[in-house]
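Novice: Here's a structure for you.
The values are calculated or read from the model by the stated rules, or taken from the named source; none is laboratory data. Quantities reported herein were computed from a predicted structural model and do not represent experimental measurements. Reconstructed Cβ throughout: ideal geometry from the backbone, glycine too, with neighbour counts over all protein chains shown. We work out accessible area using only protein heavy atoms, side chains counted, and drop any ligands, DNA or RNA first. Shrake-Rupley method; radii C 1.70, N 1.55, O 1.52, S 1.80 Å.
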Amino acid sequence: MKIRRIAMFAIALLAVAGLVFAGGDQEAASSGSGKVVVNTMAYGNNSNAEGVNWQRIVDEFEAANPNIDIQYELLYDEAYHQKVTARLAANDVPDLAYMGADARWGAPWKEAGQQVDHTPWIDPAYYDMNLIPPMGPNGEIYEIPLGTSNITTVLFVNEALINDLGYEVPSTYQEWVALVPAAREAGLDVWSIDGADGWAWGSCFMSAVIARMSGDPQWVSKAVAGQNSFTDKVFVDSLAFIDRAVSDGVLSENAVLVDYGQNIANYANGQALAMIQGQWVAGDIATSSPEVAENTLLLPLPKLPGEKAATAGSVAAAIQVGYGLTKDGASDPAVRDAALKFLRYFYSHEETTQRLLDGAIVAPILKDFVVPDELATINKQKVQLAQTALNTDVIDAFLAGAANDALNAGMQKIASGASTPQAVAQEVQGLLNN
């Protein structure tokens, strides 16, 4: 399969070199031929894997389905977001588009009234519905994600290092506290976090803590919507857990001095029993330190003191982007059916397997998917975690701007003793209210 992919990739690059684009639009020579045309906004460009694979898949699909024309505009990064805004403002709505459900990837479609519930069209015999999170207030699904949600809170645990200290991997926070004296004597950190990066406190730590303490997977989004307040006792208590973890020695008092690269290096070099970061770090560990990767467990945060049973073992995770129909596109049955047929092709087992091997997704959402043997052990664990753990809100997927900046900076201040949970909570809520 890999040899075929390499060959196809090379062929696609040569083909792309001969294409002529006007403003990113594909020439629609067949638009008057009686074919069903699916006007699409696709994500990628002519020089990255996403774009090249998109064009290859479209060519293969159209060859197999000559009555369907996937007419697309291919854009990447900010150019894509800008064009989405421009096209929606001009009422030039595509039938199918790369989209999500958060503020960045979903808000423009929501504001334009172009989100449509895909639930009736998603085949539960093909997709594992337990792995597709609800995206709307009534459980609506607005797009088919490329994979399971992007887990932002993972505890990477060096099992061999813990065993060398004479312990088993702890399952509760109190058991981790009991490890502190032995870790200190060995000159090791217990939980390493890149505390110099404000976003890490929010995305990789507090997003999970507030869900555990409140028992509500959507506590953050409800707070942003005004149903909860960041000054509520449960959130203040969650912020206070930072101070507790530092006081207990589970988090280093120097955590705010460690940046992203150093955090990963500390763990990869065996200087920390565990590391808090997102799932995407698994590949870095596998590459930089294969021996550590082989001895690494990917776990949720352990049972925390005061956590609620409803969110036990949960992980914060942002809903993965994917492709979805717009309301306008779904209004035409012929276009809708053609687009859904293409999506089934785009999300085939073969294409999904390759995305998994390439690291483009966390884990597949396909029903009864069999993980390929050649996938690295640490990445197999990532798939298992993604397919089993309850997902909860990621703070910065909902809280934005000055309020989010204040929260991230405030958590750093709490960790260093420069502020209190109450003061940080009040500042965040005040900025949100304004």
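Novice: In whole angstrom, how far apart do the alpha carbon centroids of region 203-239 and region 244-274 sit?
Specialist: Rounded to whole Å, the Cα centres lie 24 Å apart.
Novice: Net charge near Ile378: determine it from the other residues with C-beta under 14 Å of the C-beta of Ile378, scoring Lys and Arg +1 and Asp and Glu -1.
Specialist: -3
Novice: Now for a separate question. Using Cα extents along the principal axes in Å as the read-out, say which of (i) 70, 41, 37; (ii) 74, 51, 37; (iii) 64, 41, 33 was calculated from these coordinates.
Specialist: Here the calculated entry is (ii).
Novice: Counting only protein heavy atoms, what percent of the accessible surface of region 207-283 is carbon or sulfur at a 1.4 Å probe?
Specialist: 45 percent
Novice: Also, quick follow-up: Which value, to two decimals, describes the C-alpha radius of gyration of region 236-380 once divided by 2.2 N^0.38 Å?
Specialist: Compactness ratio reported: 1.40.
Novice: Please compute the net charge surrounding Trp54, taking Lys and Arg as +1 and Asp and Glu as -1 over other residues with Cβ under 13 Å from its Cβ.
Specialist: That works out to -4.
Novice: Moving on. If the cut-off is a Cα-Cα distance under 30 Å, which lysines reach Lys35, setting aside same-chain residues fewer than 8 apart in sequence?
Specialist: Within reach: Lys83, Lys110, Lys327, Lys341.
Novice: Ordered by residue, what ³J(HN,Hα) values in Hz, to whole numbers, does region 416-426 give under the Karplus form 6.51 cos²θ - 1.76 cosθ + 1.60, where θ = phi - 60° and Gly and Pro are x?
Specialist: 9, x, 8, 8, 10, x, 5, 5, 5, 4, 5
Novice: Assuming a ≥ b ≥ c are the square roots of the Cα gyration tensor eigenvalues, decide whether region 198-263 counts as rounded (a/c under 1.5), prolate (otherwise, with a/b larger than b/c) or oblate.
Specialist: Here region 198-263 falls in the prolate category.
Novice: Take every DSSP beta bridge whose two residues both sit in the chain, then give the antiparallel share in percent to the nearest 5.
Specialist: Once the DSSP bridges in the chain are tallied, antiparallel ones form about 55 percent.
Novice: What is the sum of charges around Gly113, taking Lys and Arg as +1, Asp and Glu as -1, for the other residues whose C-beta is under 10 Å from the C-beta of Gly113?
Specialist: Net charge in that neighbourhood comes out at 0.
Novice: Enter the angle in degrees (range 0 to 90, nearest 10) between the Cα long axis of helix 49-64 and the first principal axis of the Cα atoms of the chain, meaning the one along which they spread out most.
Specialist: Approximately 40 degrees, to the nearest ten.
Novice: Express the carbon and sulfur contribution to the solvent-accessible surface of region 346-434 as a percent, rounded to the nearest whole number, probe 1.4 angstrom.
Specialist: The value for region 346-434 is 46 percent carbon and sulfur by accessible area.
Novice: For a bin width of 5 Å, list the pair-distance distribution of region 79-127 built from all Cα-Cα distances, rounded to whole %.
Specialist: 5, 17, 30, 21, 11, 9, 5, 1
Novice: At q = 0.11, 0.17, 0.18, 0.19 Å⁻¹, work out log10 I(q)/I(0) for region 297-434 with the Debye formula, treating every Cα as an identical point scatterer and leaving solvent out; two decimals please.
Specialist: One equal scatterer on each Cα of region 297-434 leads to -0.68, -1.07, -1.10, -1.14.
Novice: Using mean Cβ contacts within 10 Å as the protection proxy, how do 163-173, 203-213 order, highest first?
Specialist: So the peptides 163-173, 203-213, ranked by packing, come out 203-213, 163-173.
Novice: Still on this structure, please answer the following. In degrees from 0 to 90, rounded to the nearest 10, what is the angle of the helix 377-388 Cα long axis to the longest principal axis of the chain?
Specialist: 80 degrees
Novice: How many Å² of accessible area per residue for the chain, probe 1.4 Å?
Specialist: So the chain comes to 42 Å² accessible per residue, rounded to a whole number.
Novice: Can you check what the Kirkwood hydrodynamic radius comes to for region 32-140, Cα pairs only, in Å to one decimal?
Specialist: Taking the inverse mean of 1/r over all distinct Cα pairs, region 32-140 comes out at 15.6 Å.
Novice: Can you give the charge dipole size of the chain about its Cα centre, rounded to the nearest 20 debye, using +1 on the beta carbon of Lys and Arg and -1 on the beta carbon of Asp and Glu?
Specialist: Approximately 420 debye in magnitude.
Novice: Express the Stokes-Einstein translational diffusion coefficient of region 184-225 in µm² s⁻¹, to the nearest whole number, given a Kirkwood radius over alpha-carbon pairs, 20 °C and a viscosity of 1.002 mPa s.
Specialist: D = 177 µm²/s.
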